[in-house]
Structure formats: structure tokens, C-alpha cells
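See below for the structure under consideration.
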Amino acid sequence: MKRALGTCYYPEHWPEEIWADDARRMADLGLTWVRIGEFAWSRLEATPGDLQFDWLDRAITTLTDAGLKVVLGTPTATPPRWMLTKHPDMLAVDAEGRPRKFGSRRHYCFSHDGYREEAVRITRLLAERFGKRVAAWQTDNEYGCHDTVISYSDAARDAFRTWLAQKYQSPDALNRAWGNIFWSMDYAEFDEIDLPNLTVTEPNPAHLLDFRRFSSDMVARFNQAQVDAIRAYSDAPISHNYMGKVTEFDHFDVGRQLEIATWDSYPLGFLEDRVGASAEDQRHYMRQGDPDFQAFHHDLYRAVGTAGRPEGAQSDIARWWVMEQQPGPVNWAPSNPAPLPGMVRFWTWEAFAHGAECVAYFRWRQAPFAQEQYHAGLLRPDSAEAEGFAEAAQVARELADLPEVEQSQAPVALVFDYASQWAWETQPQGVGNDYFQLVFETYKGLRQLGLSVDIIPPDTSNLDGYALVLAPGAITLSEAFKSAIDATDAQVILGPRTNAKTAALSTPVPLPPALPGLDVTVSRVETLRPDSPEPFADGGTYKLWREQIDTTEEVIETDAQSRPLMVRNGTLSYLAAWPDSDAMRRILTRAATAAGLTPVHLPKDIRIRDTGKTRFTFNHGPEPVEYKGQTIAPAGVLWT
């Protein structure tokens, strides 16, 4: 697959007389793709029914005449002010009952039927007008960004009641599933059920988890409606741009509706508020970003890009992009430093190493007005080249010289399950117990051993070709995945908290993990203070979550009192605690070696990625690093 570069452009922000020059400069830079239109509704329809598509027609013509391919975004993330007058109850409502006001973006509730119909209408009109002229589509923009999936509106309440009635068919069935006999929470009618906010103390966890599932389904329903409208008029592939560490909806569900998964990569913006890095690492990686956070999402969205396609070698058929790549300082993080020289090129090659088809820079020209004035682009507001411009040009030259990088299946598979994130959030049982962080720390541990990883969905039924498979914290294993575990010859590590709950978030009997071929019973759980980890006997500590297990299996890790913390039977292992980085390294090294892999203990800042016959080596640090007889410069990328 040929790799390409792109950018995000807003012709409505700039005088029309400079569009042609912008398009020429984009093409001369070596860009192929240009995304436009995703925030332009007020210019497309200034008042209800007053469609103004001619300027967009001219913009598309200008760009395509320059040899560029257009991704047209549906403008539904930014409904204009008149929409709120027409549908005053369309706003999302927060957990405290406060509506999310107009004046920014993403100000709608996914459950609102009236707004969904308006979104379908504008999407259909755009598809009818431009469906044969654009090369790809993007639905909406960054579903879930700014905490906008969960809404406690009247529209959400009414839709939730309908969703529950369809799922359970009768209030009695719902009462049994939720365990409503506890605290006399039984319902006689579905219309009695409210949303799980503003309760005196915590709501029924089954109620809350179903509301999370419902809220995710509303996102998928909203997206599907736009996809159907586009496909009636266009054969061009459809994408959506996801965000980093946004877990409020199931991206695999949305991915099954689309041809391309994309995500928006802001390594410096994410470092302080999403990675969970220590203060020391935040300083060390201030201008580079975390060594694993972008890679994790590259691998995640490669998996989302295969959703709904035939299983097998996950990477062989993935279509995924970075739709927005940070090209300089951003405006929205707690602090916004400039990248280390070379990092824009570095981030681009990192994405390509993980299989990206396209990396598009956000944005073409820095805006001189409104909320994102300090968000750098490839051009400054005066149209002079910004620092990232030359680095994008360098990548374009290198792409022309580098042989095609093939995608290939990694030797390690790591499950990521959005529903487990919701379940952990619903019943964390202690401060700091976060499913995403557990999976991410496992991923980081694998990468520190030089291992390439495929992230896989929780309903994967075929593990052929993987040497090592991990499912930490997957709170309810699907039948498909349990069958895959039973059939695989790979080394498999489950736990902690794997298969610990039913789908209704009840404790199952037999007690978890209740896996055939593994005699392990979790007899008790405890959560530790974040400042009070306890030791493994062989080094390192466990933190936050620990299970007391009864077992007759081989014990391979214990605590200081010789109580079992990890056991195995053949190729199947269960880990009963959350290890720190030292214990994680030992556990993963042992498992990888048993799987026939060759783990290496990489220097702190070095990461490698193997894909096909190509190995990429990256130095994420601010200083040169000696590795295998070579000096790798800061922001250095080597491929062999």
C-alpha cells in the first residue's frame, strides 16, 4: 500500500483568491489528501433551507485541479445557532442536570431524534451534490471529545427506556438481571426507569453499565445514519477520526460501519493529561511525547480499521490513517511546548511504521482568530512556512525513495475492550483502578522488550499466528474469545480481574475466572492505596488491585508471604495482581521467551517496530542514544 501525506484545510476561513495558491503549495510540498468541510455548517446553510454549496464546489474544484484528493467531512459536530432555536432540547446535559450550551462545538445529544434527522439531511444533500467528486468522507468529528457521549437529557432518558424495553422485553426480566431486589429498586414499568445520575449514593452498577452500553449504541446509531445517507450517492470510502484515550463509546462498533479508521495524534497535548506519566517522564518527554502512547493508538486503530472484515492476519487488510497530526505547539493542553526539532518527521514515520496509509497534518495554516489561535499549522497565519513544513517536505522526499512498507501480523496480541473500561469505571473498587491504564502499562511493558503488538477486539475468535496473547482486566470474556484461547497454542496471560463479572456486572458462580483447564478461584479481592504497593517475592511490587486465589496449578509468582500471585497450566497463565514496571518486565520476559520470541531490554528511550521485512528503530529521548553500535540522534528514525 502506497503511503501518503495530507493536511486539514478550511477554505471558508480564507479569501477565495488564495485558494489556488494554497492548493499549489500543498501539491508542491508532496501532499496527496486534503480534508475539508467538517466545521462549515453555518457557511453551508446560514439559515434553515438556505443552502450555499457553491463555495464548497469551487473549493473542491480548486483542490482537485491541483491534483489533490479531497476528504469531505460532514459538518455535524458544529450545528449552527439556528439549529438550537429549531430544536431547543437538542443539547446534551451533564450529570448535574446542566445543559451544554452553544458557543463551542459538539453541542448535541446523540439521542435526540430531531437533530439526528437534521444531520442525516445535511449529509444526504452533501453526498448528492459531491458524492462523485470527493475521494473519501469523514463522518462528524471526534465523537466523544470534550466528554460528549454521556448525556442525561430528556431525549436520552426516553431513548434509554426504549432501549431497555427492547433488550429485556419485560420489567421482571430487567429486575432479575439488575438484581433490583437489593435496596427495593424493582420497577413495574419501563417508564419508571430514570437515568443513573443524581442518586443519593451510587446507582445500581447494572443500571449504570447498561446506560453506558446504551450511550455507546447511540453514537453507533448516529454514525450509521450518516453512513447510509452517504452510501446512497457515493462509493468513496468513509472514515471517522477518533481521539486518544476516548473510551466512552465502542470504537469497534463504529469501525464496523466504515472502510477507514482514523485518529487525531497530539503527542505533546496528550502527555500531561492522558498518558498517566510521572512528573519526571513528563519533563523528560516534554518535547517528544510518551514513547508508547501514540504507538498504542496506532495499533488500536489499525484493529478498528479491520473491524467487520474477515479475521486472520489482522494487519494485512487494515485501512487506517492519522487524520490530524500535531505539527507544532497546540493550544489546549495544560502546557504547550514546541516539539523537539525533527519530531514532526519522527511522528509521521512512527505512524507509517505501524501501518498508517496516510498522515495528515492539522492544520494547513494557523488560524488568527477564535479558540485555536495558538495551534500551529504547517503555515503561520501570515502564510510563511512554519517549522513543521520543512519536516513534512522531508518525509515526502523520503517516501519517494523508501520501498513500500508492508503490513504484517505481529507476534503478540493484546485485547482491548471498551465495555471493560465502562465496567471498571462503574465499579472501580478503589482509587486509581483504571482498565485503560492496566492495558496501556502491559502494552508499554511489551514495547520495552522490543516486541511488536497487534491490539485485537474482545470478540476475536481466531488467534492463529500469535505466539503470545494477553487479556489483562477483560472483565467479561466473550464466548468467541474463550474458544479461541482453548484452540490456540500461544502463551496466554489473563488477569487480573479477567472474566470477573457477568454481562450484568454480577459476580458469577462458580467464582471467577471460571476457565476450563485452569484450576483458579478468586476467593477475595482487595484494593491497595495508590501510595502503598506491596512486594513480589522475586522483585518489583504489585499495586492497586490484588486477588486472593485458591489454586492447584503451578505457582510462578508469589508475594513476600509466599501466597500465589501468578499461576499457569501449560500455556495458560493467570495473574492475580497489577504489577509495577519491574515485575511486569519479568513476567512478560518469561512469557515471551516461552512463546519462542526474543525479548530484549531496550534503553529507556528506544523503541522498535517490525513490519514485514522492515525494522524501524526510534529514539524518543532528547539526547543521542547508543544502540547496537549506532548513535541514534534525538528524534532519530532508522530503518533496516
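We did not get these values from a lab; they are worked out from the coordinates using the rules stated. Model, not experiment: these values are computed from the prediction. Methodologically, a virtual Cβ is constructed for each residue, glycine included, from the backbone with ideal geometry; neighbour enumeration extends over all protein chains shown.
Things to note:
- Proximity of backbone amide H atoms, modeled 1.01 Å from N, is registered between Gln325 and Ser265, Ala360, Tyr361, Phe362 at under 5 Å, excluding neighbours fewer than 5 places apart on the same chain.
- Computed from point charges on the beta carbon alone (+1 for Lys and Arg, -1 for Asp and Glu), the dipole magnitude for the stretch 354-416 about its Cα centre is near 260 Debye.
- With all pairs of separate Cα atoms included, the stretch 1-120 yields a Kirkwood hydrodynamic radius of 16.1 Å.
- Longest exposed-site-free window of the chain, the sites being chymotrypsin sites (Phe, Trp or Tyr not before Pro) in a DSSP loop that have at most 13 other C-beta atoms within 10 Å: 1-331
- Exceeding the 21 Å Cα-Cα cut-off - candidates Lys2/Lys604; Lys101/Lys167; Lys2/Lys69: Lys2/Lys604; Lys101/Lys167
- Nitroxide proxy distance, nm - points 7 Å out along Cα→Cβ at Glu202 and Thr502: 1.9 nm
- Longest stretch of the chain clear of exposed loop sites (trypsin sites (Lys or Arg not before Pro), DSSP loop, at most 14 other Cβ atoms within 10 Å, sites excluded): 134-603.
- Calculated on alpha-carbon atoms, Rg and Dmax of the chain in Å: 25.0, 77
- For q = 0.10, 0.15 Å⁻¹, Debye-computed log10 I/I(0) when each Cα of the stretch 412-594 counts as one equal scatterer: -0.33, -0.81
- With helices as the sole contributors, the chain gives -9500 deg cm²/dmol at 222 nm; each DSSP H run of n ≥ 4 counts as -39500 (n - 2.57), and the sum is divided by every residue.
- Arranged from fewest to most other beta-carbon atoms within 10 Å of their beta carbon, Leu84, Leu588, Leu198 become Leu198, Leu84, Leu588.
- Charge context of Asn569, other residues only, Cβ under 13 angstrom, K/R +1, D/E -1: -3
- For the stretch 304-458: rounded, prolate or oblate by the Cα gyration tensor [a/c cutoff 1.5]: oblate
- Using only side-chain charges placed at the Cβ, +1 for Lys and Arg and -1 for Asp and Glu, the dipole size of the chain relative to its Cα centre rounds to 800 debye.
- Just so you know, the Cα atoms of the stretch 498-640 work out to an Rg and Dmax of 19.4, 57 Å.
- Among Thr426, Tyr168, Ala277 - extreme Cα towards positive end, dipole of the chain, charges at beta-carbon: Ala277
- Sites matching GluC sites (Glu not before Pro) across the stretch 88-137 that sit in DSSP coil, with at most 11 neighbouring C-beta atoms within 10 Å: Glu96
- Sparse-neighbourhood loop sites, GluC sites (Glu not before Pro) in the stretch 166-255 - DSSP loop, at most 11 other Cβ within 10 angstrom: Glu189
- Calculated diffusion of the stretch 185-331, Stokes-Einstein form, Kirkwood radius summed over Cα pairs, 20 °C and 1.002 mPa s, µm²/s: 119 µm²/s
- Each of Leu575, Thr593, Gly540 was scored by the projection of its Cα onto the charge dipole of the chain, and the greatest displacement toward the positive side belongs to Thr593; charges sit on the C-beta of Lys, Arg, Asp and Glu.
- Isotropically averaged projected area of the stretch 554-616, using the convex hull of Cα atoms (one quarter of hull area), nm²: 5.7 nm²
- The stretch 450-497 - Rg (one decimal) and Dmax (whole number), Cα, Å: 10.3, 31
- When the Cα positions of Pro624, Ser335, Ile556 are compared along the charge dipole of the chain, Pro624 comes out farthest toward the positive end, with charges on each C-beta of Lys, Arg, Asp and Glu.
- Value of Rg/Rh across the stretch 214-301 [Cα atoms, Kirkwood radius]: 1.10
- Rounded to the nearest 20 debye, the dipole size of the stretch 412-594 about its Cα centre is 240 debye, using +1 on the Cβ of Lys and Arg and -1 on the Cβ of Asp and Glu.
- Dimensionless Rg ratio for the stretch 122-227, taking C-alpha atoms and the 2.2 N^0.38 Å reference: 1.39
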